[in-house]
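Report on one structure; see the data block that follows.
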Amino acid sequence: MRLRAPEAHRSNAVHAGAWWLWALGLAVAASRTTNPLLLGLVVGVAGYVVAARRTDAPWARSYGAFLKLGLAVLVIRVLFSTLLGSPIPGAHVLVTLPEVPLPDWARGIRIGGRVTAEQLVFALYDGAKLAAMLVCVGAANALANPARLLKSLPGALYEAGVAVVVATTFAPNLVADVARLRTARRLRGRPTGGVRAVLQIGLPVLEGALERSVAVAASMDARGYGRTAAVPAAVRHTTTALTLGGLLGVCAGTYGLLAVEGAGYGVPLLAGGVAAALGGLWLGGRRTPRTRYRPDRWGPRTWLVAGSGIAVAALVVWASTGPAGEALRPGVTPLVAPGLPLWPALSVLVGLLPAFVAPVPKAARTAETAAEDREEHR
């Protein structure tokens, strides 16, 4: 009898923040390498977890769009390298394009000229890294419930969270209004395309959105949204200093993690920045008194999901500073076939843990049960 994860419901669902930590861990791992085999493994891990644990919600369909976006980024990166050249030296000339003469003030820039295999491979590696990071962000979008994520924001970001929730709630209504008006015009024999049709459809849609906005604003005002508490000036100044200093530390630490030479100072700066920003947000939350209805809990499975992403990032960053660092960044001069480094590959496979420990959505559970029934009948 196999051990299986329980079916997902309201009380045991994985916290949306844990999915983002897992995905960002994979993205950090992808940012530390240009090895196409390892990047493909990162994309495969993200895709497998998404296929195993995504729901039927509308946001769960965004993963395919991010895959297409990553592919478009890869193509654009290679195209730009072909047309605008690259500083990478190469001896294997594939084609020579007509070169556009440029003035002296544009020295160092060229359009056209020689296209070498080395520069195309370098562009392919570089584009694949960015595409893999985008796919990891798409995995987080497909797995994390945006409304529950915004609900978990600290009190200092309460107003921004409410605005985003309201905007995301009204977006489907706008799409439904457009579809309804287009259907009505089609039934009346009127055109649904062209500038005039767009104007005639857009005005009623905007009017309906304005009426809904006024109604929601009135209901929120009646329920006490937007009220604030009195906070001393010293607390406000401390909050501002902690928040701004923490965000600067997070930016500097993130740059250090993404840069090859910044592994030494990236982690301390990021940790200090996160601590300062959290302190500032905690102090800022005192200005907005609020309560939470049925808050999301961080259970053991949620910690395992978040911890797997953090472990992937930490292990790959550690491997990039050791003997396996050269395998993570294969050279292009001379051209060599990239190999799959063992320990970094095993580190990335740790990211598969959510596919086995996270609660199974109802739709996925039904499909899994049907597949097992078919195997038993055989």
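Read-outs: derived from the displayed coordinates by stated rules, not from any lab. As the structure is a prediction and not an experimental result, all values here were calculated from the model. Virtual Cβ from ideal backbone geometry, glycine too; neighbours counted across all protein chains shown.
Would you calculate the separation in nanometres between label points at Ala241 and Trp59, each defined as 7 Å from the Cα along the Cα-to-beta-carbon direction?
Label at Ala241, label at Trp59, 3.6 nm between them.
How big is the gap, in Å, between the Cα center of the stretch 25-85 and the Cα center of the stretch 175-196?
36
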